[in-house]
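Worksheet for the structure shown next.
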Amino acid sequence: MEKEKVKYNKIPEIVGKYEDDARDYLSKRKIKVRKKSIKKFNLNYKSGTVVKVDPPEGTKIPENKIVKIYVAENRLFTIFLTLIVFLLGIIGYFGYKLSYVTLNVDGPFIKSEYQGYTTNNIVRVVAKSGLENFTNYQYCMTLADNTNNCVWTNFEGTEFTIGNSGNWNVYVRAYNKNNKKYSLKSNKLEILIDKEQPIIKNVTFVKNKKNIKFEIDAIDSLSGIRSYSYSLDGYNYQETSEEFTLSKVFVDKIYIKVIDQLDNEIIKEVSI
C-alpha cells in the first residue's frame with residue numbers, strides 16, 4: 001500500500017496584521033491555527049495585532065500541524081501608564097512651581113546629532129550654562145511652543161537620547177540641586193522622531209475586462225511616505241505609485257505595501 005504523501009504549507013507574513021485578518025489569511029492557505037491566541041505585552045505593535053507566530057514566518061509545515069499566534073495586548077496598560085504619567089506630571093509641576101528659583105543667567109547651548117526625521121536622536125550640551133556650581137542638567141521635551149507645562153527631567157553627563165515618535169521641541173537648563181537654582185532655558189531644538197508605520201486608509205479599484213485600475217489612499221503624518229508597492233502572492237513586491245493599472249490579473253487578492261522615509265511599513269491585503 002502506497003504511503004500517503006504529506007502536504008506542506010509555508011507560513012506567510014502575518015506579523016503586524018490584526019488577529020482576525022491573520023486567522024483568515026492563514027485559513028485560506030489551509031494552515032490550522034490554535035483557537036486561543038497567546039496575549040503578549042508589546043508596545044511596538046498596536047493592541048490586537050500579531051507580534052509573533054510559532055513556527056516562524058517562512059517555515060514549511062505539514063497541513064495537520066497547528067500554529068500558535070501571539071497577539072499584542074497593551075491598550076489598558078497604555079491608558080493606565082498615561083494616567084499615571086499625567087498625575088505625576090501635575091504633582092511634579094506644582095511642586096516644582098512652589099520650590100524653584102530661576103536666575104537670570106544664560107542657559108546652556110545644545111545641538112542634536114541628526115537633522116530631520118530619525119528613529120533616535122542624541123541631544124548634546126556643547127556650551128555650558130552661566131549658572132555657577134550647577135550639579136547637573138535637566139531637559140524638557142514638549143509638543144507645545146512653550147515650556148509652561150514641561151516636566152523637567154534630570155540627566156547625567158552632557159547628552160541624552162530621545163526615541164519617542166513626534167515633532168518635539170527640546171530645551172535644556174542647568175540646575176543646582178542644593179539650593180534649587182536654575183539657569184534660563186537653552187536654545188530650542190526641533191527633534192523629529194518617527195517609529196510609526198504609515199496608515200492605509202483605503203484601496204479602491206475599478207475592474208473591467210482588460211485591466212484593473214487601483215488607487216491607494218495612505219498617509220504618514222511624520223516623515224512622510226517614501227514608496228508604494230504591490231504583490232500578487234504576498235512575497236514578491238513590485239514598486240509602483242499611488243495609482244497604477246494591472247492587466248491580465250488572475251488572482252482574487254492583491255497585497256499593498258506602503259513604506260515611509262524611515263522604513264516603517266504597513267501591508268494591506270485587498271480582495272479583488
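The values are calculated or read from the model by the stated rules, or taken from the named source; none is laboratory data. What you see is a predicted model, and the numbers here were worked out from it, not measured in a lab. All Cβ positions, even for glycine, are placed from backbone atoms using ideal geometry, and neighbour counts span all protein chains on display.
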TODO: Can you confirm whether region 207-221 contains a residue that is polar (S, T, N, Q), modelled with pLDDT of 95 or more, more than 30 Å from Asp106 (Cβ to Cβ) and not assigned by TED's automatic domain parsing to the domain that holds Asn146?
DONE: no
Task: Flag if Asn64 is in a loop (DSSP other than H, G, I, E, B), among the polar types (S, T, N, Q) and either touching a Pro at 6+ places or on another chain (Cβ under 8 Å) or farther than 30 Å from Gly163 by Cα (or both) - done: yes
TODO: From the list Glu215, Glu196, pick out the single residue that is assigned to a loop (DSSP other than H, G, I, E, B) and not β-branched (Val, Ile, Thr).
DONE: Glu196
- [ ] Keeping to region 241-266, report how many residues are over 30 Å from Gln115 (Cβ atoms) and in contact with a strand residue (DSSP E or B) (Cβ under 9 Å, 6 or more places away or on another chain).
- [x] 12
Task: Selection within region 7-44 - without any contact (Cβ under 8 Å) to a residue 40 or more places away in the chain and within 24 Å of Ser271 (Cβ to Cβ) - done: Tyr18, Asp20, Asp24, Ser27, Lys28, Arg29, Lys30, Ile31, Lys32, Val33, Ser37
- [ ] Might you let me know whether region 139-150 holds any residue that is modelled with pLDDT under 95, over 31 Å from the mean Cα position of the chain (by Cα) and surrounded by 16 or more Cβ atoms within 10 Å (Cβ to Cβ)?
- [x] no
TODO: Could you check how many residues of region 205-240 are within 20 Å of Ile272 (Cα to Cα) and surrounded by 11 or more Cβ atoms within 10 Å (Cβ to Cβ)?
DONE: 22
TODO: Any chance you could count how many residues in region 19-53 are under 20 Å from the mean Cα position of the chain (by Cα), part of a strand (DSSP E or B) and surrounded by fewer than 16 Cβ atoms within 10 Å (Cβ to Cβ)?
DONE: 2
Open item on the list: Regarding region 165-186, can at least one residue be identified that is more than 16 Å from Tyr139 (Cα to Cα), touching a residue at least 60 places away in the same chain (Cβ under 8 Å), under 27 Å from the mean Cα position of the chain (by Cα) and not in a strand (DSSP E or B)?
Closed with: no
